[in-house]
Structure formats: C-alpha cells, structure tokens
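**Q** Have a look at the structure that comes next, please.
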Amino acid sequence: MPKVFPGYREEAKNRIIKESVKFFSKKGYHKTKMADIATSLGVSKGAIYQYFGSKEELFLEVIRDYIKYTQKELISFLDVHPPQDLVTDEFFDIMFNLGQSQSIESLTIVDRLFPPLDFNLAISELIKSNPSMKKEMTKYYADSIKLMAEYFEDYKNKGVIKHEVDTWSLSIGITSLQDGLMAAIQMSLEISEIRKAWKEVTKIMLSSVLVD
C-alpha cells in the first residue's frame, strides 16, 4: 500500500513545496523528478499528485511562495534603512537572494548562490505558455518597481532625495541594474565582481539624486 501524508492538507502541501525547492535549485526544473521528491519525503509519488496535478503546477506554487518571501525581505529592509544603505552588503544579499538558503526552513529557490540556468529557462518557458504565470510575474515585477518608487518618494518628501528626481525612473533604474547583473551571474561572472559592480553603480546613481 502506497505511503501517504499524515496530518492536515496545508501542512502536507508546505512540506512538498519546501522539499521540492531542494531539487529545483540543485537540478533545475527539467531534471527534477516528482518520484525523487516523493522518495525524499518518504511517501508515494501518487501522494504528491493528490496535492499537485503536475510538476508544472508544483513549480508554479514554489515560484508564488518565493515571490512572497522575497518581497517580505525587501519590505523589511526598506522599512528601517535610508537610501544610502542600498550600497551595503545586506541589501545586495536581499536583492540577489544570497544567504537565504542557510536555513532549511527558509523557502528559497537558491542552492548556496543561484539556481542553474535550466531553472530560469523553465520560468521563461512557463511565462510564455502559462497566461496565469505571466500575469503573476508581470504583477510581481510592477509591484517591486512601485515599492521602490514609493520608498524613494518618501525620502524625497523628507528632503533626503532632490525634489526634481523622478522616483519612478530611479526605481526602474535600480531594478534594471539588478536584472543586468543577474544575467552576468548566469554567465558565470564571479560573485565578488558582481557585488563590486552593484556597489559602484548604485553609489553613482545615488550620488546624483541625494541632497548634499
């Protein structure tokens, strides 16, 4: 008789999601097998399919939880730090998802540093093939830009940022820098070089918008 999950449904789903993160981050999307996740959890593959109809469905749920987690981390930082702190290692680690995999309980898509390229290609493929996924990712991206813009606007009202600065454009600039450096990481550039580039370019951007 196949092994099944004991306990409540939501708890079981969360266990599957957290365990699948380990496989998606280490092997990528395409090489991850539902059977391997089930074996790691000590249950049957059929037990997982009771909660997720397919690997794609499980993957989408992982992405949704990851988005919630990263937004929470970003908000927590911005709530207590001024713009000058955007050049710190702490902010860099949040923006680039470093250090989040140290705790097994942390829901994260990274294994030590970043997932394999296959994982990101899978996200791109799903965005194209799954309208729901594309809509969610577009909203997440827009929300992130809006969050940063509101943060900069608040400091403009406090007199920290020059009144003539377009905070929406500044937010897009910061986000675009992150996107570009993420691509550089996928091309296997050293993380120390990426960190240095982030600090230097962000410092230049901020020096032009902060009140002396």
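The values are calculated or read from the model by the stated rules, or taken from the named source; none is laboratory data. Bear in mind the structure is a predicted one, so any value in this text is a computation, not a measurement. All Cβ positions, even for glycine, are placed from backbone atoms using ideal geometry, and neighbour counts span all protein chains on display.
**Q** So E190 clears everything in (1) closer than 23 Å to D93 by Cα; (2) surrounded by 13 or more Cβ atoms within 10 Å (Cβ to Cβ) except one condition, right? Which one?
**A** Of the numbered conditions (1) closer than 23 Å to D93 by Cα; (2) surrounded by 13 or more Cβ atoms within 10 Å (Cβ to Cβ), the odd one out for E190 is (2).
**Q** Among the listed residues M133, M148, identify the single one that is farther than 22 Å from F91 by Cα and part of a helix (DSSP H, G or I).
**A** M133
**Q** Also, quick follow-up: Here's a check for you: in region 193-212, which residue that is without any contact (Cβ under 8 Å) to a residue 60 or more places away in the chain and within 24 Å of the chain's Cα centre (by Cα) is farthest from G173 (Cα to Cα)?
**A** Ranking the qualifying residues of region 193-212, first place goes to E193.
**Q** Just one of (1) of a type outside the set (A, V, I, L, M); (2) surrounded by fewer than 15 Cβ atoms within 10 Å (Cβ to Cβ); (3) under 22 Å from the mean Cα position of the chain (by Cα) trips up G53, so point out which.
**A** (3)
**Q** With the condition kept exactly as written, say whether any residue in region 93-103 is of a type in the set (F, W, Y), in a helix (DSSP H, G or I) and at pLDDT below 85.
**A** Checked against the condition, which is being of a type in the set (F, W, Y), in a helix (DSSP H, G or I) and at pLDDT below 85, region 93-103 yields no hits at all.
**Q** Quick check, is I204 among the β-branched types (V, I, T), closer than 22 Å to P83 by Cα and either in contact with a Ser or Thr (Cβ under 7 Å, 6 or more places away or on another chain) or at pLDDT 85 or above (or both)?
**A** Details: among the β-branched types (V, I, T): yes; closer than 22 Å to P83 by Cα: yes; either in contact with a Ser or Thr (Cβ under 7 Å, 6 or more places away or on another chain) or at pLDDT 85 or above (or both): yes.
Yes, satisfied.
**Q** Could you please give the count of residues in region 22-39 that are of a type outside the set (K, R), under 19 Å from Y66 (Cβ atoms) and surrounded by fewer than 18 Cβ atoms within 10 Å (Cβ to Cβ)?
**A** 2
**Q** Condition (residue is surrounded by fewer than 13 Cβ atoms within 10 Å (Cβ to Cβ), over 18 Å from F96 (Cβ atoms) and modelled with pLDDT of 85 or more) applied to region 132-141: is it met by at least one residue?
**A** Yes, region 132-141 contains a residue that is surrounded by fewer than 13 Cβ atoms within 10 Å (Cβ to Cβ), over 18 Å from F96 (Cβ atoms) and modelled with pLDDT of 85 or more.
**Q** Restrict the check to region 148-161 and report whether at least one residue is touching a residue at least 40 places away in the same chain (Cβ under 8 Å), surrounded by fewer than 16 Cβ atoms within 10 Å (Cβ to Cβ) and under 21 Å from D79 (Cα atoms).
**A** yes
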